[in-house]
Amino acid sequence: MNSILEKIRLFLSDPELKRKSLFTLFIILIFRVFAFLPVPAIDIARLRVLFAQNQFLSLLDIFSGGTLINFSVMALGLNPYINASIIFQLLTMVVPQLEELTKEGEYGRFKINQYTRFLTVPLTVLQAIGIYFLLRNQRVIGALNPIEFFSFIVTLVAGTFILIWFGELISEFGLGNGISLLIFAGIVGRIPVVLTQTLTTVNQELLLNVVIFVVLALFVIAAVVFINEAIRKIPVYYAKRIRGHRMYQAQTNYLPLKLNQAGVIPIIFAVSFVLFPQLIGNFFLQAKNQLVSSSASFIVGLFNPQGFFYNFFYFFLVVGFTFFYTIVVFNPQKISEEIQKHGGFIPGIRPGLSTKQYLEKILYRITTVGAVFLGIIAILPAILSRATGMANLVIGGTGILIVVSVILETFKMIEAQLVMKSYEKFSY
């Protein structure tokens, strides 16, 4: 307790951290103001009725940060940018030129980020057009003339890029990862609304289910913290070595492998993919061609957030993206080469190929546990809705995982900066 109070005191006494915190809060405040700035020509009352009847749109609204239900200028949120990032992460695995860029440090990251923004433009335009026809089919928005239609699309595209800019400002001048913090702020901003909707629909028979839900929510939070912090320590021994005229003593160190290497990224990736068929299906639902409309109706029914196939597909995507992202961020080949280059070895394991194979075996084992946990967290809303009879539990474990993960990562960043500040006074 005293150490926590001491860290809080150090945080409040550090002018740079206070400046970064205030800047982050200021950007989040502006974001929340934009979330209530609606696009003209939208019937907000009819839009909210549509959201109350469509759980898919309610789920999409949570990941847009509450901007979709008000149909603000940022209604599309960060989804196009996230989709573009996914595409480029996949391309870096198959396109040699992009793979080389990832190895060029700051310049390579800058170029890939630039290409990601370029790809975000057409993706945002396509999603804006899809949303327009979806709302028009539901009579939320009337027919627009070409100039009004162009203004509608440009407004949504501009809103998405303003949001991307906000995220980059937070990453550069604020605390933590800007994109994650904006998603976090949107989810937290929607929690009171969703809880109010849930409690207003609860009758006396469901009060026990509410209590069960609260207990399960606390359990999920504890499980998320445990999984995020759990690591497998692999001992690495370094023999005595001589460099120049200095001899370095033998050392023992640990290679920490996190149970959840990918964090919340797989769920964000999976949500972007699993919502796409619903969006396409709703787009063609009112088509005049009977075959097209029937196919769209089948897709919408198949990807119902309460249906078995949707949750199975969602679970499969989360597990798959967890393995994919873990392989991207943790390269056993590179790690084994670094250990060997510095004269280290894992006890009982030969350096080189054997070390690589050993790390791969351990990585796949712990990633399996982490991936299954993330998959269960992702489909938890459907499980709890069926168990408790409350259909409004669209935030569920996914929202909790994002909120808890962002809080933990932000606090770790603050703690790292405090430790760095404490060492700076001994550097003179």
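The values are calculated or read from the model by the stated rules, or taken from the named source; none is laboratory data. These numbers come from a predicted model, not from an experiment. In this analysis, Cβ positions are derived from the backbone assuming ideal geometry, glycine residues included, and neighbour counts consider all displayed protein chains. For the accessible areas, the whole protein counts, side chains as well, though only heavy atoms, and no ligand, DNA or RNA atoms are used. Shrake-Rupley method; radii C 1.70, N 1.55, O 1.52, S 1.80 Å.
How do the pairs read when you match residues in the range 170-183 that are free of Cβ contacts under 8 Å to residues at least 12 places away in the same chain with residues anywhere that are in a helix (DSSP H, G or I), using Cβ under 9 Å and keeping only pairs 6 or more apart or on different chains?
Close Cβ pairs (under 9 Å, with a partner that is in a helix (DSSP H, G or I)) amount to 171/178; 171/179; 171/181; 172/178.
For the range 340-352, which positions are over 11 Å from residue 235 (Cα atoms) and either under 32 Å from the mean Cα position of the chain (by Cα) or open to solvent by 50 Å² or more (accessible area, probe 1.4 Å) (or both)?
340, 341, 342, 350, 351 - these are the residues of the range 340-352 that are over 11 Å from residue 235 (Cα atoms) and either under 32 Å from the mean Cα position of the chain (by Cα) or open to solvent by 50 Å² or more (accessible area, probe 1.4 Å) (or both).
Looking only at residues that are of a type outside the set (A, V, I, L, M, F, W, C) and open to solvent by less than 70 Å² (accessible area, probe 1.4 Å) in the range 17-55, which one is modelled with the lowest pLDDT?
Let us first name the residues in the range 17-55 that are of a type outside the set (A, V, I, L, M, F, W, C), namely 18-21, 24, 32, 38, 40, 43, 46, 48, 53-55.
In the following step, the residues that additionally are open to solvent by less than 70 Å² (accessible area, probe 1.4 Å) were identified as 20-21, 24, 32, 38, 43, 54-55.
Working: 20: 85, 21: 85, 24: 89, 32: 85, 38: 79, 43: 72, 54: 61, 55: 58.
Ranking the qualifying residues of the range 17-55, first place goes to 55.
Of the residues that make up the range 408-421, is at least one at pLDDT 75 or above, closer than 28 Å to residue 89 by Cβ, not charged (D, E, K, R) and not in a helix (DSSP H, G or I)?
No; the residues of the range 408-421 include none that is at pLDDT 75 or above, closer than 28 Å to residue 89 by Cβ, not charged (D, E, K, R) and not in a helix (DSSP H, G or I).
For the range 307-327, which residues satisfy the criterion of being more than 21 Å from the chain's Cα centre (by Cα) and open to solvent by 40 Å² or more (accessible area, probe 1.4 Å)?
Keep residues of the range 307-327 that are more than 21 Å from the chain's Cα centre (by Cα), which gives 307-309.
Within the range 307-327, 308, 309 qualify.
Just one of the numbered conditions (1) closer than 26 Å to residue 189 by Cβ; (2) open to solvent by less than 20 Å² (accessible area, probe 1.4 Å); (3) at pLDDT 75 or above is not true of residue 367; which one?
If we test residue 367 against (1) closer than 26 Å to residue 189 by Cβ; (2) open to solvent by less than 20 Å² (accessible area, probe 1.4 Å); (3) at pLDDT 75 or above, just (1) comes out false.
For the range 135-143, indicate whether the set of residues that are in a helix (DSSP H, G or I) and either at pLDDT 85 or above or open to solvent by less than 70 Å² (accessible area, probe 1.4 Å) (or both) is non-empty. Full working, then the answer.
From the range 135-143, those in a helix (DSSP H, G or I) are 135-137; that's our starting set.
Keeping just the survivors that are either at pLDDT 85 or above or open to solvent by less than 70 Å² (accessible area, probe 1.4 Å) (or both) gives 135, 137.
The answer is yes; a qualifying residue exists.
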